[in-house]
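Before any comments, here is the structure.
The values are calculated or read from the model by the stated rules, or taken from the named source; none is laboratory data. As the structure is a computational prediction, the values presented were derived from the model and not from experiment. All Cβ positions, glycine included, derive from the backbone under ideal geometry; neighbour counts span all protein chains shown. We work out accessible area using only protein heavy atoms, side chains counted, and drop any ligands, DNA or RNA first. Shrake-Rupley method; radii C 1.70, N 1.55, O 1.52, S 1.80 Å.
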Amino acid sequence: MSSRPKDDVRSSEITPEAHYLDRRRFLAAAGGFGAALLAVRGATADTLPAPGKPYGLQPDDKPTPWDDVTGYNNFYEFGTDKADPKANAQAFRTRPWTVKVDGLVAKPADYALEDFLKPSAVEDRIYRHRCVEAWSMVVPWRGIPLADVLKRAQPSPKAKYVEFTTLLDPKQMPGQRSRTIDWPYTEGLRLDEAMHPLAFLATGVYGRTLPNQNGAPLRLVVPWKYGFKGCKSIVRIRLTETQPKTAWNQIASNEYGFYANVNPGVDHPRWSQASERRIGEFLKRKTLMFNGYADQVASLYQGMDLAKNY
Amino acid sequence: MAPRAEPRGFGAALVALAWLPALLGIAGMASDVLHGTRYFGSNPIKAGEHYFGQWTLRLLVATLAITPLRGVTGWQWLGRHRRRLGLFAFAYLMLHWLTYALLDVQLDWTELRGDLAKRPYIMVGMLALALMIPLALTSSAAAIRRLGGARWRGLHRLVYAIAILGVVHYWMSVKRDVTGPLAYAIVFAALLAYRVAKAVRDRQRAAPAA
């Protein structure tokens, strides 16, 4: 008895190389009529298994395909188009990598990335992800809880906020050669937000090493906030007494607040936040308060006016 | 030497070229939405919306470039194709708007009304669209006769306002990178400057020598 594996492909089903190349040439020609058409990608990795424990997922939430998670990115250090980071970040060097932890802590230090990660157990967590631009994904992250590294640094009683800084390296990050943002990119959290068990430092996605375009080697993930809070390629974590300046807030404070909690009731000045398009889906979904994590995080904001503190 | 007469097949080629992006765009988006391909990337509805908006501006540039091009090259026959290009610009604007209303907002009236009442860049875009409707409706030779040449020309000067509103709409809609809208602003400014310079020159020539 033969036991041919199910994914075995008969040679007659394989596209001859000549056709395949023709198709590429056709697409390249068509590309002249819109760069978008060049962004063609195979659907090969769409069925990757997504390891991890689901956190706050709705019954119909399914992990967003690998090609979308790693091909549709906002990472202005590598370009402003969603396809730019994948195209421009491939040669980015993430080793050796140093993370500085300083500010109001008892144990400031410069860590080699390996030493920074070593004391914590790596976890796989599937989170909802909501971009401020009203699209969303479900992402199987791999990483460590942010609280782990903060506790190890021993915040002083005066510390109220945590500031995150992205690498500044215009040689490697072509986007930093134009002044779209006041580089380096910085983000921040209140210390109690940062200590919340859902706040996460990602080092991987889909059980694999984090691709450069997703913020390798170390990227912040705060699932109840808009995606721009997720500082990428982090080189510094600093604890402060006063609220740190954050990149998008500096550019347009009326559009991007410090808190940036997902909130269907508070519109962005240029669009409604009441609904979102899940990447890969046609019909829009209703946006959920705190992106579906209200039970876990609403208590952090008790008594606060969330329309004012957007 | 510049061809004095229109090359054979020029009109047909122009129409085919103007149709092509629309057909590619519709086919690409349909494939992405229905079959999960990624010709327009991971968010085909947003990308398609932007694509048709870009093509509206490109066709507007082509329409407004006819007059300077005719002046510079002396190819008078180019003028015959201006109306056609203008109508294509209107068609792309309709595709842009339909993508927004049907596919992006999905005819959610609360959101459509809210956008129109609260979002300045939507208001600017809708104003440009509203201004373009009378131009499309009066594009026929019969409409020119009915209105009379002077009045028709006056009405169709609105195309400059539409171009400016289009660029402003684009400028306001981008988050940070204004390269695209800036490029269109420069091109439209050049096309307008040509006309202003020509009008000034013509007036000077018409004035009696002192």
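A simple count of charges around residue B:121, restricted to other residues whose Cβ falls under 11 Å of its Cβ and scoring Lys, Arg +1 and Asp, Glu -1, yields +2. As an equivalent ellipsoid, segment B:117-210 spans semi-axes of 30, 22, 9 angstrom, where each value is the square root of five times an eigenvalue of the C-alpha gyration tensor, largest first.
Evaluated with a Cβ-only charge set (Lys, Arg +1; Asp, Glu -1), segment A:167-310 carries a dipole of roughly 500 debye about its Cα centre, given to the nearest 20. Among the helices of chain B, those built from whole DSSP H runs whose Cα atoms reach 20 Å or more along their own axis and whose mean Kyte-Doolittle hydropathy is at least 0.5 are B:10-35, B:82-98, B:120-137, B:158-173.
Seen from residue B:188, the other residues with C-beta closer than 12 Å to its C-beta sum to a net charge of +2, counting Lys and Arg as +1 and Asp and Glu as -1. Once Rg and the Kirkwood radius are both taken over the C-alpha atoms of segment A:55-301, their ratio Rg/Rh works out to 0.93. A cut-off under 13 angstrom between Cβ atoms defines the neighbours of residue B:59, and their net charge, with Lys, Arg +1 and Asp, Glu -1, is +4.
Projecting the Cα atoms of A:196, A:287, A:218 onto the charge dipole of segment A:190-310 (Cβ charges, centred on the Cα centre) puts A:218 farthest toward the positive pole. Peptide B:42-51 has a mean shielding of 6, counted as Cβ atoms of other protein chains within 10 Å of each residue's Cβ. The largest-to-smallest principal axis extents of the Cα set in segment B:44-204 are 52, 38, 25 Å. Shown here are the Rg and Dmax of the Cα trace of segment A:115-253, at 14.6, 40 Å.
Pairwise alpha-carbon distances in segment A:171-254 exceed 14 Å for 68% of all pairs.
Extending 7 Å from Cα along the Cβ direction at residue A:298 and again at residue B:192 yields two label points whose distance is 5.2 nm.
Mind checking which of A:157, B:64, B:102 is farthest towards the positive end of the protein assembly as shown's charge dipole, using Cβ charges of +1 (Lys, Arg) and -1 (Asp, Glu) about the Cα centre? Of A:157, B:64, B:102, it is B:64. Binning all Cα-Cα separations of segment A:160-212 at 10 Å, short to long from zero, yields these whole-percent fractions: 20, 34, 37, 9. With only the Cα atoms considered, segment A:221-263 has a convex hull volume of 90 Å³ per residue. Distance between the 7 Å Cα→Cβ label points at residue A:124 and residue B:69: 5.7 nm. Across segment A:191-310, how large is the tail of the calculated P(r) beyond 18 Å, expressed as a percent of all Cα pairs? For segment A:191-310, the fraction of Cα-Cα distances above 18 Å is 59 percent. Given in Å, the Rg to one decimal and the Dmax to the nearest whole number for the Cα atoms of the protein assembly as shown are 27.1, 107.
Between residue A:182 and residue A:168, full extension at 0.36 nm per residue minus the direct alpha carbon distance yields a gain of 4.0 nm. Diagonalising the gyration tensor over the Cα atoms of segment A:47-153 and scaling each eigenvalue by 5 before taking the square root yields semi-axes of 28, 20, 14 Å, largest first.
The A-B contact accounts for approximately 3000 Å² of buried accessible area, totalled over both chains at a 1.4 Å probe radius.
Note on segment A:90-179: Cα-only Rg and Dmax are 16.1, 42 Å. For segment B:16-115, the fraction of C-alpha pairs more than 17 angstrom apart is 58%.
Which is farthest toward the positive dipole end of the protein assembly as shown among B:24, B:140, B:169, measuring Cα position about the Cα centre, with Cβ charges +1 (Lys, Arg) and -1 (Asp, Glu)? Comparing the listed Cα positions along the dipole, B:140 ranks first. Counting, for every residue in A:74-80, the Cβ atoms of other protein chains within 10 Å of its Cβ and taking the mean gives 2. Given their separation in residues at 0.36 nm each and the Cα-Cα distance between them, residue B:23 and residue B:136 gain 38.6 nm when the chain is fully extended.
Other chains' Cβ within 10 Å of B:32-41 residues: what's the mean? Mind showing how you got there, number by number?
Details: counts 3, 3, 1, 1, 6, 4, 13, 9, 5, 15.
Other-chain Cβ atoms within 10 Å of each residue's Cβ, averaged: 6.
Pairs to check: A:86/A:158; A:158/A:229; A:100/A:284; A:53/A:118. Give those whose C-alpha atoms are more than 32 Å from each other in this structure.
Long pairs (Cα-Cα over 32 Å): A:86/A:158; A:100/A:284.
For the pair residue B:161 and residue B:182, the difference between a 0.36 nm per residue extended length and the Cα-Cα distance amounts to 5.9 nm.
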